[in-house]
1. Given the criteria more than 15 Å from the chain's Cα centre (by Cα) and more than 16 Å from residue 3 (Cβ to Cβ), does residue 255 qualify?
2. Has the range 238-260 got any residue that is in contact with an Asp or Glu (Cβ under 7 Å, 6 or more places away or on another chain), over 18 Å from residue 220 (Cα atoms) and either surrounded by 18 or more Cβ atoms within 10 Å (Cβ to Cβ) or at pLDDT 95 or above (or both)?
3. What is the one condition in (1) part of a helix (DSSP H, G or I); (2) within 22 Å of residue 3 (Cα to Cα); (3) open to solvent by 60 Å² or more (accessible area, probe 1.4 Å) that residue 234 does not satisfy?
4. If we keep just the residues of the range 85-110 that are among the charged types (D, E, K, R) and surrounded by 17 or more Cβ atoms within 10 Å (Cβ to Cβ), which is nearest to residue 136 (Cα to Cα)?
5. Is it true that residue 174 is within 16 Å of ligand 1 (Cβ to nearest atom) and open to solvent by 10 Å² or more (accessible area, probe 1.4 Å)?
6. Restricting attention to the range 39-80, report how many residues are closer than 23 Å to residue 109 by Cα, in contact (Cβ under 8 Å) with a residue 60 or more places away in the chain and away from ligand 2 (no atom under 16 Å from the Cβ).
7. I'm trying to understand the selection: among the residues of the range 114-138, which are assigned to a strand (DSSP E or B) and either in contact with a Gly (Cβ under 6 Å, 6 or more places away or on another chain) or buried (at least 21 other Cβ atoms within 10 Å of the Cβ) (or both)?
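The values are calculated or read from the model by the stated rules, or taken from the named source; none is laboratory data. As the structure is a computational prediction, the values presented were derived from the model and not from experiment. Positions of Cβ are generated from backbone atoms using ideal geometry, with glycine treated the same way; all protein chains shown enter the neighbour counts. All accessible areas refer to the heavy atoms of the entire protein, side chains included, with ligands and DNA or RNA removed. Shrake-Rupley method; radii C 1.70, N 1.55, O 1.52, S 1.80 Å.
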Amino acid sequence: AALDAFVAGLPKAELHLHIEGSLEPELMFALAQRNHIALPFADVEAVRAAYDFSNLQDFLDIYYQGANVLQTEEDFYDLAMAYFRRAAADNVRHAEIFFDPQTHTDRGIPYSVVIDGLWRAAQDAQALNLSVSLIHSFLRHLSEDAAFDSLAMAEPYLDRLVGVGLDSSEVGHPPSKFAGVFAKARDMGLMLCCHAGEEGPPEYVYEALDILEIDRIDHGNRSLEDPLLVARIIDEGLTLTVCPLSNHKLCVVPDLDMHPIPAMLKQGLKATINSDDPAYFGGYVNDNFLALTRRGLISKKDCVTLALNSVDGAFLDPDRRDALR
Ligand code: HPA
Ligand code: ZN
């Protein structure tokens, strides 16, 4: 309990959170009812029972299905506000959240509906002592042309976005597939993030660095297989947004006792702890810290380092960063 209070007391930033992955089964049912959508589950318990994944794709199939209940601006607002309240309760003071526009626009929901709902919630989060930035994420199992179309939809809303990301099925969809659209996003003034080395090989992390020229690495676990790559990431000062409970649920690590966060810190990588898709993986950011502290994998001092890394790795202006340190 002393450890819980210590972790809870640390001001922190959450840098790897998919807002669609914060959809709790209770809200999924409430939105299904509000929008007259039939769910393939009898009740909330049946939904939770279905969250048993053996890899990333298993999860993605059920995650995209869950997102179908999101229809109106109010739905996106309610989804985001629920996460912001939960994050604020964990003493998250700044959140940079991914959203997957193509998951919604491809089923006929206008981009404006998605971003207006998320943006209004982001404004209201200020009352929770929480600042929020939005990251438009491309689905890598779709084409680069589709990503260009999605970025075009974002153009009228550029002042509401801090960056772009790349998520969904990693293996077979390397970063190089999106070289053109990432170059364009950079020219538009956006920061660049990329999921790499979650299931994909170290080569994908190299591509994210060399070809996309990213500003932050999401996951990056498999970088540890290549000492030269580790040295390169350290040299470039890049932050890794690591997600312990996600890694366990998606079998990226066989056991939480073998989680690579301690090795990352030991080698001098700027690792951070994040929740990824907390409604699906069984815990918010403090739960992710505690999963490692309770196993004796990281010390209190490590927790402080990880929390400071999250503030340092955020896309924040210097004044806001100083206020959070
Ligand atoms: N990896 C890839 N795509 C995703 C994830 C993830 O962890 N979460 C939501 N989309
Ligand atoms: Zn993710």
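1. Yes, satisfied.
2. Looking through the range 238-260, none of the residues is in contact with an Asp or Glu (Cβ under 7 Å, 6 or more places away or on another chain), over 18 Å from residue 220 (Cα atoms) and either surrounded by 18 or more Cβ atoms within 10 Å (Cβ to Cβ) or at pLDDT 95 or above (or both).
3. Result: residue 234 passes all but (2).
4. If we take residues in the range 85-110 being among the charged types (D, E, K, R) and surrounded by 17 or more Cβ atoms within 10 Å (Cβ to Cβ), then 100 is nearest to residue 136 (Cα to Cα).
5. Working: within 16 Å of ligand 1 (Cβ to nearest atom): yes; open to solvent by 10 Å² or more (accessible area, probe 1.4 Å): yes.
So residue 174 fits the description; yes.
6. Going through the range 39-80 one residue at a time, the tally reaches 2.
7. Taking the range 114-138 first, the residues assigned to a strand (DSSP E or B) are 131-138.
If the condition is that a residue be assigned to a strand (DSSP E or B) and either in contact with a Gly (Cβ under 6 Å, 6 or more places away or on another chain) or buried (at least 21 other Cβ atoms within 10 Å of the Cβ) (or both), then 132, 134, 135, 136, 137, 138 are the ones that fit.
So that you can scan it fast, the table gives a plain yes or no per residue for (1) small (Gly, Ala, Ser); (2) in contact with a strand residue (DSSP E or B) (Cβ under 8 Å, 6 or more places away or on another chain); (3) modelled with pLDDT of 95 or more:
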position: 54; (1), (2), (3): yes, no, yes
position: 57; (1), (2), (3): no, no, yes
position: 85; (1), (2), (3): no, no, yes
position: 89; (1), (2), (3): yes, no, yes
position: 95; (1), (2), (3): yes, yes, yes
position: 100; (1), (2), (3): no, yes, yes
